[in-house]
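The structure appears right after this line, and notes come after that.
The values are calculated or read from the model by the stated rules, or taken from the named source; none is laboratory data. Being a predicted model, the structure only gives us computed values, none of them experimental. Positions of Cβ are backbone-derived with ideal geometry, glycine not excepted, and every protein chain shown enters the neighbour counts.
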Amino acid sequence: MHPALFYRPGDRLTLPELSAARLDGDVVEVGEGYMPADTIEGAGARALSLSPLVPTGAAVSGISAAWVHGARDAPPGVHHVSRISRTRQRVVISSRVVHHERRLPEDEVQEIAGVWVQNPLATAVSLLFSSAGSAEDTIWLRALIDAAPGLADAVRERVLPLGRRPGANHARRVLDGWADQDVVTRYTS
């Protein structure tokens, strides 16, 4: 999606103007902004909507990356970003953004509409391991798996060879549960 088709309150139009355009049906709300109503909401529009929240040297990650990749309709209430730069950056504390210090490797991120985003496989694996302690991560993981056919197989191939690490037993139980529910085969046939 071209940035000219995305409107943030205060850039070219004020929030009251955008709200009026939304009531008239000219624009629809997407994450942190608005886009024309006749434009398809895809990963580009979702990534662009989060760009003001992503500091330089960081990428959208976790449940926010899952939303960018098509999981669920509404964005999460609090967004997650992870460091991608080699050096630590100074971050502005915000109640709307959780900053993770773990650096994402280059092969786990991709650029979407000029915004760095954790790729679907890395997002799913990350959510799988963190879902042991977070019901919200479990919900977002399930939605991401449902939105991306074949992703469950890729997650299984990536996780099963991994050795011992925090959350590994939980991850294997979840993967076994997917096999019991035919999640893997349902989306690949």
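Residue pairs whose Cβ atoms lie under 8 Å apart, sitting 6 or more positions apart in sequence or on different chains, and linking a residue in the stretch 1-25 that is closer than 17 Å to A47 by Cβ to a partner that is among the polar types (S, T, N, Q) and assigned to a loop (DSSP other than H, G, I, E, B), are M1/T39; L5/T39.
Screening the stretch 144-167 for residues that are over 22 Å from A65 (Cα atoms) and not charged (D, E, K, R) and picking the one that is modelled with the lowest pLDDT gives G163. When the stretch 78-116 is filtered for residues that are touching a Leu at 6+ places or on another chain (Cβ under 6 Å) and under 15 Å from L50 (Cα atoms), the ones remaining, listed by number, are H79, S82, V97, A113. Exactly one residue out of A20, A65 is under 20 Å from S134 (Cβ atoms) and modelled with pLDDT of 95 or more, and it is A65. Scanning the stretch 112-152 for residues that are touching a residue at least 60 places away in the same chain (Cβ under 8 Å) and touching a Pro at 6+ places or on another chain (Cβ under 9 Å), which turns out farthest from G44 (Cα to Cα)? Residue satisfying both the conditions and the ranking: E136.
Being crowded, with 16+ Cβ neighbours inside 10 Å and more than 23 Å from A43 (Cβ to Cβ) holds for only one residue in R156, R88, and it is R156. Of everything in the stretch 35-49, what is surrounded by 24 or more Cβ atoms within 10 Å (Cβ to Cβ) and farther than 14 Å from G70 by Cβ? Give them in sequence order. Residue satisfying the conditions is L48 alone. Annotation note: Cβ proximity below 6 Å between a residue of the stretch 35-62 that is more than 14 Å from V81 (Cα to Cα) and a residue that is at pLDDT 95 or above and in a helix (DSSP H, G or I) (sequence gap 6+ or interchain) occurs for A43/V68; R46/V68.
In the stretch 42-132, which helices (runs of 4 or more DSSP H) lie fully inside it and hold 1 or more residues that are out of contact with any His (no Cβ under 8 Å at 6 or more places or on another chain) and aromatic (F, W, Y)? In the stretch 42-132, the matching helices (runs of 4 or more DSSP H) lie at 62-68.
The single condition among (1) of a type in the set (A, V, I, L, M); (2) out of contact with any strand residue (DSSP E or B) (no Cβ under 8 Å at 6 or more places or on another chain); (3) under 17 Å from L127 (Cα atoms); (4) surrounded by fewer than 20 Cβ atoms within 10 Å (Cβ to Cβ) that V98 does not meet is (2).
L15 meets the conditions (1) among the hydrophobic types (A, V, I, L, M, F, W, C); (2) farther than 18 Å from R96 by Cβ; (3) exposed (fewer than 15 other Cβ atoms within 10 Å of the Cβ) in every case but one. The failed one is (2). If the condition is being modelled with pLDDT of 80 or more and within 23 Å of the chain's Cα centre (by Cα), then the stretch 168-189 contributes A168, H170, A171, R172, V174, L175. Inspection of the stretch 89-111 identifies no residue that is basic (K, R), within 21 Å of L141 (Cα to Cα) and touching a residue at least 60 places away in the same chain (Cβ under 8 Å).
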